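Only one structure is covered here, and it is reproduced in the block below.
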Amino acid sequence: MTSLPACPQCQSPYTYEEGSLLVCPECTHEWSADDSQEPAAKVYRDAVGNLLQDGDTVTVIKDLKVKGSSLVVKVGTKVKNIRLVEGDHDIDCKIEGIGAMGLKTEFVKKVG
Ligand SMILES: [Zn+2]
């Protein structure tokens, strides 16, 4: 008996094998058993496809409203020392005059 990995999408333990795939009965997610052994490291790319890394400097490519405030991060704003994280907003950063906030990689461009 091999124990099957939990669903990577909803963490359900009730996964089962179907051919070479693993299937989750709860969220209907299907994935390959082989891939689940070694999940590929997440690759972060900016709006034009440059690879992003922790510590990079980026500029914002469109005006972004700051949730829950009237502040706007203007297009062209330079953001230093980004930190890449999991999630919908996959950049953690601090912006001068605004403070700590999350950005999306699709709305930034790497500098340099
Ligand atoms: Zn699931």
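Data table
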{"quantity": "Of all residues in segment 1-17 being at pLDDT 90 or above and either open to solvent by 60 Å² or more (accessible area, probe 1.4 Å) or in contact with a strand residue (DSSP E or B) (Cβ under 6 Å, 6 or more places away or on another chain) (or both), the one that is nearest to A33 (Cα to Cα)", "calculated": "E17"}
{"quantity": "Test: I82 is open to solvent by less than 50 Å² (accessible area, probe 1.4 Å), closer than 19 Å to G49 by Cβ and free of Cβ contacts under 8 Å to residues at least 40 places away in the same chain", "calculated": "yes"}
{"quantity": "Among residues of segment 50-65, those that are hydroxyl-bearing (S, T, Y) and closer than 15 Å to D92 by Cβ, counted", "calculated": "1"}
{"quantity": "Count of residues meeting criterion [polar (S, T, N, Q) and either open to solvent by 60 Å² or more (accessible area, probe 1.4 Å) or within 19 Å of the chain's Cα centre (by Cα) (or both)] in segment 56-79", "calculated": "3"}
{"quantity": "Selection count, segment 1-32, where residues are within 8 Å of the ligand (Cβ to nearest atom) and of a type in the set (S, T, Y)", "calculated": "3"}
{"quantity": "Selection count, segment 86-100, where residues are open to solvent by 30 Å² or more (accessible area, probe 1.4 Å) and either within 19 Å of K42 (Cα to Cα) or touching a His at 6+ places or on another chain (Cβ under 8 Å) (or both)", "calculated": "5"}
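The values are calculated or read from the model by the stated rules, or taken from the named source; none is laboratory data. Keep in mind the model is a prediction, meaning the values are calculated, not measured. Every residue, glycine as well, gets a Cβ built from its backbone with ideal geometry; the counts of neighbours run over all protein chains shown. The area values use the complete protein model at the heavy-atom level, side chains included, leaving out ligands, DNA and RNA. Shrake-Rupley method; radii C 1.70, N 1.55, O 1.52, S 1.80 Å.
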